[in-house]
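What follows is one structure encoded as structure tokens, with my remarks underneath.
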Amino acid sequence: MNVVARDAWLEAVEQFPGNPSSLHRIGARADKALEDARQVMGDLLGCSPLDVVWTSGATESNNTIWYHLSQTLPEDATVWVASIEHPCCLESARYWMGNRIVWIPVNEQGVVESSWLDSQIQNGRPHLVCVMAANNETGCLQPWESVRQWCAGQKVAFFCDAAQWVGRLPMRGLGKCDWVSGCAHKFGGPKGIGFLKCPSAGKLQSLLRGGPQEMQRRAGTENVAGAIAMVTALKAREEELTIEKLSELKNVQVTFESWLRTEMPDVRVLGDEVPRLWNTTTVVMPDTDCRMRWVVKLDKMGFAVSSGSACASGKEQTSHVMEAMGVTGAAASRVLRFSSGMKTSLEDWRALLDAVKQIQSISDEAKV
């Protein structure tokens, strides 16, 4: 949690200790603060605040959407879901929708192509299309705006998991989507709080049963301090995301990747021909034994990176995103994802590169 969110959370805990569902004055003050935060979120998304539901995070939001659809769609209705969705979206879709899903493929750069939608519509119209805003493994931006427009023209609902986008790129336009999910910790807010933007018309089927909170859309006492901290952090982040700042952040990424290619010519940057988030660089490292354990060794040198497969844990399981992009077998076991924050400097990236080179050098020496 960043300083802005922490300060807002601490102040909210002190000022609004009541249950917003209670009728006494302490509860009424908490309810007013919660609704003020809802108004801010609606303004940032560009939708009515009444369309915003507070949740525990994007996982709950996504599960709620798929549960709602499973309860309200005709049995013969289909949904189209991008094959690279985050596991919390993909797995909940599988659980609740089963064989009613048609999977949307991506090209080798990891991006959904609109031409597929045009060809598939000839086989029947879906009830909903689900395409995330930006991929969590590669950072590749998806054409969510054009897909939303396509869906509007076809009178088809559109669902966009924007957890990776929000706080890294401006939110404008997301409120036009029928369904949007997001979470606070991606942009410096507290963990355990998120939002769901749902259609204005119709009743949302609540995933959680119990009380009538959130206009009977999500049972459970609302996290007032969390919601206030989230919108405070998000509003501050939106103000930071100027054209100049985004250009600066992208230049840092481009410079690091240029250095990496110079030092390690055999490295492959995934999605390098399409727009990507400025904070994510995912690469296939040069051919080496999986037992090299890049993640473990970089962790010992002070760098927390992630792998594109479960190779380091001894499993032969390739990421579904890598499979969708055609990165399989030995190449998938060499995938590393490097990610950064707003304050990550070029010097930090240089230090990471030096650590990668050192590990590679030690590995090469060991082979001799």
Checklist entry - ALA304 fails exactly one of the following numbered conditions: (1) among the aliphatic types (A, V, I, L, M); (2) over 30 Å from GLY173 (Cα atoms); (3) surrounded by 13 or more Cβ atoms within 10 Å (Cβ to Cβ); (4) without any contact (Cβ under 8 Å) to a residue 24 or more places away in the chain. What is the number of that condition? => result (3)
Checklist entry - Got at least one residue in the range 141-160 being in contact with a Lys or Arg (Cβ under 9 Å, 6 or more places away or on another chain), surrounded by 24 or more Cβ atoms within 10 Å (Cβ to Cβ) and assigned to a loop (DSSP other than H, G, I, E, B)? => result no
Checklist entry - Picking from LEU34, LEU44, LEU10, which residue would you name as being out of contact with any Cys (no Cβ under 6 Å at 6 or more places or on another chain), part of a helix (DSSP H, G or I), closer than 25 Å to ARG209 by Cβ and of a type in the set (A, V, I, L, M, F, W, C)? => result LEU34
Checklist entry - From the list MET41, MET1, which one is of a type outside the set (Ser, Thr, Tyr) and under 16 Å from LEU196 (Cβ atoms)? => result MET41
Checklist entry - What do you reckon, is SER258 assigned by TED's automatic domain parsing to the domain that holds MET325, hydroxyl-bearing (Ser, Thr, Tyr) and either closer than 20 Å to ALA12 by Cβ or surrounded by fewer than 13 Cβ atoms within 10 Å (Cβ to Cβ) (or both)? => result yes
Next on the checklist: Is it the case, given these coordinates, that GLY173 is touching a Lys or Arg at 6+ places or on another chain (Cβ under 7 Å), at positive phi and not hydroxyl-bearing (Ser, Thr, Tyr)?
Outcome noted: no
Item to check | Qualifying residue in the range 224-233 (condition: at pLDDT 95 or above, out of contact with any His (no Cβ under 6 Å at 6 or more places or on another chain) and surrounded by fewer than 22 Cβ atoms within 10 Å (Cβ to Cβ)) | outcome: no
Next on the checklist: Condition (residue is closer than 17 Å to ARG38 by Cα and hydroxyl-bearing (Ser, Thr, Tyr)) applied to the range 213-227: is it met by at least one residue?
Outcome noted: yes
Next on the checklist: Is it the case, given these coordinates, that GLU248 is over 24 Å from GLY329 (Cβ atoms), assigned to a helix (DSSP H, G or I), in the same structural domain as TRP349 (by TED's automatic domain parsing) and modelled with pLDDT of 95 or more?
Outcome noted: yes
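Yes/no per residue for (1) under 16 Å from the mean Cα position of the chain (by Cα); (2) not assigned by TED's automatic domain parsing to the domain that holds ALA12; (3) not aliphatic (A, V, I, L, M):
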site	(1), (2), (3)
ASP178	no, no, yes
SER181	yes, no, yes
HIS185	yes, no, yes
PRO190	yes, no, yes
ALA201	no, no, no
ARG217	no, no, yes
ASN223	no, no, yes
GLY226	no, no, yes
Checklist entry - Could you say which residue among GLU222, GLU239 is among the acidic types (Asp, Glu) and in contact (Cβ under 8 Å) with a residue 12 or more places away in the chain? => result GLU222
Checklist entry - Which of the following residues is surrounded by fewer than 19 Cβ atoms within 10 Å (Cβ to Cβ), aliphatic (A, V, I, L, M) and not in a helix (DSSP H, G or I): ALA77, ALA28? => result ALA77
Checklist entry - If you go through the range 54-69 one residue at a time, do you hit one that is in a loop (DSSP other than H, G, I, E, B) and crowded, with 16+ Cβ neighbours inside 10 Å? => result yes
Checklist entry - What do you reckon, is THR280 surrounded by 14 or more Cβ atoms within 10 Å (Cβ to Cβ), modelled with pLDDT of 95 or more and hydroxyl-bearing (Ser, Thr, Tyr)? => result yes
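The values are calculated or read from the model by the stated rules, or taken from the named source; none is laboratory data. Since this is a predicted model, take the numbers as computed values, not measurements. Here Cβ is always computed from backbone atoms with ideal geometry, including for glycine, and neighbour counts include all displayed protein chains.
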